[in-house]
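*Asks:* The structure under discussion is supplied below as structure tokens; questions concerning it will follow.
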Amino acid sequence: MIKGEMGRDGDHPLVSRRPIRNPLDPVSKSIIEMLQVDGRRAYDSIATELGISEDSVIQRVKQLTDAGVIQITAVSDPLQLGFARQAMLGINVEPNLTKQVAKALADIPDVVYVVITAGGFDILVEVVGESDAHLLELVTAIRPITGVVSIHTFLYLELEKQTYTWGVR
């Protein structure tokens with residue numbers, strides 16, 4: 001369901017699973033943009049650039065993380081950490097079982113990304129495996145999930161670009 005869409009009866013708007021939040025103010029947006037460039041940037045440096053107190057930056061970052069707007073984490077290249085295989089799986093499911101299948105996929109520890117999509121696949125899933133055999137085990141574990149119709153595997157050969165600096169609107 002997409003925010004703002006109307007239900008079949010035309011009277012009740014459909015609601016996203018995420019609560020609607022107040023728009024972010026320019027200061028919070030600036031903090032987010034700075035942390036997207038460098039998640040380890042010192043809060044006193046952010047405060048100086050924005051002309052606010054360090055305590056204000058700390059409080060805003062806490063509010064943003066508590067609300068689920070941002071998370072601060074180290075992003076790594078799994079191939080350089082000893083994981084031999086990464087793959088994207090395009091999964092098609094039976095009608096009306098998309099959310100159920102997505103939840104089951106999200107519960108698998110080696111599944112690192114699950115998104116419901118429109119287009120050629122109902123769900124895209126990213127997996128990280130230690131070997132070809134491990135990747136085969138993951139795909140074999142996904143096939144029997146109730147509602148899964150087909151799985152198309154796209155094996156990653158090389159990471160060309162990975163960025164999280166898309167800014168804010």
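*Asks:* Condition first: at pLDDT 50 or above, under 21 Å from the mean Cα position of the chain (by Cα), charged (D, E, K, R) and assigned to a loop (DSSP other than H, G, I, E, B). Now tell me which residues in region 1-39 satisfy that.
*Replies:* ARG18, ARG21, ASP38 - these are the residues of region 1-39 that are at pLDDT 50 or above, under 21 Å from the mean Cα position of the chain (by Cα), charged (D, E, K, R) and assigned to a loop (DSSP other than H, G, I, E, B).
*Asks:* I need every pair where a residue in region 97-117 that is open to solvent by 40 Å² or more (accessible area, probe 1.4 Å) has its Cβ under 9 Å from the Cβ of a residue that is in a strand (DSSP E or B) and among the charged types (D, E, K, R), sequence separation at least 6 or different chains.
*Replies:* VAL112/GLU126; TYR113/GLU126; VAL114/GLU126; VAL115/GLU126
*Asks:* Which is free of Cβ contacts under 8 Å to residues at least 60 places away in the same chain and within 19 Å of the chain's Cα centre (by Cα), of VAL69, VAL93?
*Replies:* One residue alone meets the criteria, VAL69.
*Asks:* Run ARG60 past the list (1) within 30 Å of SER28 (Cβ to Cβ); (2) of a type in the set (D, E, K, R); (3) touching a Lys or Arg at 6+ places or on another chain (Cβ under 9 Å) and report the number of the one that doesn't hold.
*Replies:* (3)
*Asks:* Name the one entry in THR140, THR146, THR163, THR153 that is open to solvent by 60 Å² or more (accessible area, probe 1.4 Å) and modelled with pLDDT under 90.
*Replies:* Every option except THR163 fails the conditions.
*Asks:* List the number of the failed condition for GLN63; all other conditions in (1) within 19 Å of the chain's Cα centre (by Cα); (2) at negative phi hold.
*Replies:* The one condition GLN63 does not meet is (1).
*Asks:* Further question on the same structure: Out of region 118-136, which residues are free of Cβ contacts under 8 Å to residues at least 40 places away in the same chain and surrounded by 14 or more Cβ atoms within 10 Å (Cβ to Cβ)?
*Replies:* PHE121, ASP122, ILE123, LEU124, VAL125
*Asks:* State yes or no: is LEU64 modelled with pLDDT under 90 and either hydrophobic (A, V, I, L, M, F, W, C) or closer than 30 Å to GLU33 by Cα (or both)? Give the derivation first.
*Replies:* Numbers: modelled with pLDDT under 90: no; either hydrophobic (A, V, I, L, M, F, W, C) or closer than 30 Å to GLU33 by Cα (or both): yes.
When the stated conditions are applied, LEU64 does not pass them.
*Asks:* Still on this model: Can you tell me which residue in region 66-84 is nearest to GLN162 (Cα to Cα), limited to those that are open to solvent by less than 50 Å² (accessible area, probe 1.4 Å) and of a type outside the set (D, E, K, R)?
*Replies:* PRO78
The values are calculated or read from the model by the stated rules, or taken from the named source; none is laboratory data. Note that this is a predicted model, so its numbers are computed, not measured. When we count neighbours, we look across all protein chains shown, and the Cβ atoms used for this are built from the backbone with ideal geometry, even at glycine. When the accessible area is computed, the model is the full protein with side chains, heavy atoms only, and any ligands, DNA or RNA have been set aside. Shrake-Rupley method; radii C 1.70, N 1.55, O 1.52, S 1.80 Å.
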